[in-house]
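Please treat every number below as a calculation from the coordinates, not as lab data. Not measured: the values here are computed from a predicted model. FYI the Cβ positions are ideal-geometry reconstructions off the backbone, even for glycines, and counts take in every protein chain you see.
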Amino acid sequence: MDARLEAIRNTVLARNPGEAEFHQAVTEVFESLGPVHDRHPELLEAAILERLCEPERQIIFRVPWTDDSGRVQINRGFRVEFNSALGPYKGGLRFHPSVYLGIVKFLGFEQIFKNALTGMPIGGGKGGSDFDPRGRSDAEVMRFCQSFMTELYRHIGEYTDVPAGDIGVGSREIGYLFGQYKRITNRYESGVLTGKGMSWGGSLVRPEATGYGTVIFTQEMLKTRGSSFDGQRVVVSGSGNVAINAIAKAQTLGASVVACSDSSGYIVDEAGIDVALLREVKEVERGRLKDYAVRRPGVSYVEAGSVWDVDATVALPCATQNELDGDAAARLVRNGLVAVGEGANMPSTRDAVSVFQDSGVLFGPGKAANAGGVATSALEMQQNASRDSWSFEHTEQRLTEIMVGIHHRCASTADEYGDPGNYVLGANIGGFVKVADAMLAQGLI
Ligand code: NDP
């Protein structure tokens, strides 16, 4: 890392102790930015990096609620409003027991650059809670969401901060959150949340957008080598919103998706995953992958193993951060891997990224490859602002154009900075330059 940037990075780490994921995300971005500061020393003078690493605002709050047996439960809520140079803060809410400030900050920091890469007018933010929706009744989830919004509502708004879903937050949770926001404010402010239901302001293609977008980005990478998804053997981690829609899109493009996972284990289905059955088990019944294996002949289920033990030519990590380490990466490469598209945020460890890049594997980092979700959220905001709703075909076409554009921006930036094919460099510099320009123009704020 450039010595000037390393000194700033070390100060950031010391100021934010105990936030390992945030440290990792900051380090990964800083490693790319030396060449930009050689060309633009004025960015150092203006302390752009120091400002970028300090969120504009951080909110931490108590979320009290009662469970079905009448017991009082207390969770912790977060919203980190990181950077509004390009537009209102935008980024999802994550409900998972592992959530703490370091995770919310890593996600919010990544979101700044991701949102800039989309070319849409959105700043970066993220939030969530250590609440675990798994195993909770609908009534419990509703009471939790109502309590969460009872504090959050005063910090958000269509021109201020626009949350959406992430792990553990899907259309059910967005519905309860929106209902409570409307009730407290007495405003039908559609643009305050994205990922809404189709009959009350949601956008077609938003549920599919992150998974579809990841596959479109990966297809663009494959095209640079004269290849495509057609005939690829694909392994996907996770079996939530992003994973399921990535599987569906990859299959549409002619790939055979043979494995996916949840936090309990993974399935191998050599005949190709049956997306309709997977949706039934995971989305309708909120069940476990084990149930898929029970219902479909010829499927094996491996409890507690790593899905990266299954060989593939294309890997799409779509579960969570740091789920694919250096050893798993080396094993995948030995078994013939040609491309990785990150549907999740920071799913590959730094060791894994090095293995992929050193062995010439096409590697699309999450902040570029999974940006289709937030880009389509911005399309949802556009539709809300004009009180319009677009067709599936039109919205999917916009998503495709945006993903092709992000791929082009990353690839051309990597070329411009002398490291062709390095999508990590391209994404980090491409996103950073846009935000830095806006911050310089807006003065010291
Ligand atoms: P979901 O909650 O719909 O699904 C998450 C999936 O990942 C589930 O299969 C879950 O398994 C698995 N998982 C979660 N945590 C772990 C863990 N610690 N170990 C192993 N498996 C785990 O979330 P999404 O699909 O929305 O999000 C997946 C990833 O994509 C996240 O990194 C998110 O930040 C990222 N992302 C999501 C976007 C969106 O639009 N939703 C946009 C951009 C990025 P189980 O069911 O057992 O919990």
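Taking loop as defined by DSSP and a crowding limit of 13 other beta carbons within 10 Å, which chymotrypsin sites (Phe, Trp or Tyr not before Pro) in the range 169-266 fit?
Here the chymotrypsin sites (Phe, Trp or Tyr not before Pro) that fit, given the DSSP loop and packing criteria, are 188.
Return the tail of the calculated pair distribution for the range 341-445, meaning the percent of Cα-Cα pairs more than 19 Å apart.
Tail fraction, whole percent: 54.
Contour minus end-to-end for residue 230 and residue 382, with contour as 0.36 nm per residue of separation and end-to-end as the Cα-Cα distance?
51.3 nm
Let me know the shape class of the chain, please: from the alpha-carbon gyration tensor, a ≥ b ≥ c as square roots of the eigenvalues, rounded when a/c is under 1.5, otherwise prolate if a/b is greater than b/c, or oblate.
rounded
Just the number, please: percent antiparallel of the DSSP beta bridges in the range 208-369, rounded to the nearest 5.
Details: 7 of 20 bridges.
Among the beta bridges of the range 208-369, antiparallel pairing accounts for roughly 35 percent.
Could you give me the ³J(HN,Hα) list for the range 53-70, computed from phi with Karplus coefficients 6.51, -1.76, 1.60 and θ = phi - 60°, whole Hz, x at Gly and Pro?
7, 9, x, 4, 7, 10, 10, 10, 8, 7, 10, x, 7, 10, 7, 5, 8, x
Using Cβ counts within 10 Å as a stand-in for footprinting exposure, how do 1, 142, 221 rank, fewest first?
On the way: 1 15, 142 19, 221 25.
In increasing order of surrounding Cβ atoms, one gets 1, 142, 221.
Which order do 394, 37 fall in if you start with the one that has the fewest other Cβ atoms within 10 Å?
394, 37
Over the chain, what relative contact order in percent results from Cα pairs under 8 Å that are six or more residues apart?
Relative CO of the chain lands at 15 percent.
Counting only DSSP beta bridges with both residues in the range 56-188, what percent are antiparallel, rounded to the nearest 5?
70
How high is the relative contact order of the range 165-298, given as a whole-number percent (alpha carbon pairs under 8 Å, six or more residues apart)? Please report the intermediate quantities before stating the final value.
Working: 160 pairs, mean separation 21.2, N = 134.
In percent, rounded to a whole number, it is 16.
Loop-only check: which trypsin sites (Lys or Arg not before Pro) in the range 365-445 are DSSP coil with at most 12 other Cβ within 10 angstrom? Please report the intermediate quantities before stating the final value.
Numbers: sites: 367, 387, 398, 409, 434; in loops: 387.
Of the trypsin sites (Lys or Arg not before Pro), the ones in loops of the range 365-445 whose Cβ has at most 12 other Cβ atoms within 10 Å are 387.
DSSP loop (so not H, G, I, E, B), at most 14 other Cβ within 10 Å: list which trypsin sites (Lys or Arg not before Pro) in the range 66-164 pass both filters.
Those that pass, being in a loop and sparsely packed, are 71, 134.
Which whole-number percent is the relative contact order of the range 138-214 (Cα, under 8 Å, 6+ apart)?
Computed over the range 138-214, the figure is 30 percent.
Restricting the count to DSSP beta bridges whose residues both fall in the chain, what percent are antiparallel, rounded to a multiple of 5?
On the way: 25 of 45 bridges.
If I count the DSSP bridges inside the chain, around 55 percent turn out antiparallel.
So if R0 is 51 Å, what FRET efficiency would residue 276 and residue 44 give, r being the distance between their Cβ atoms, rounded to the nearest 0.05?
0.40
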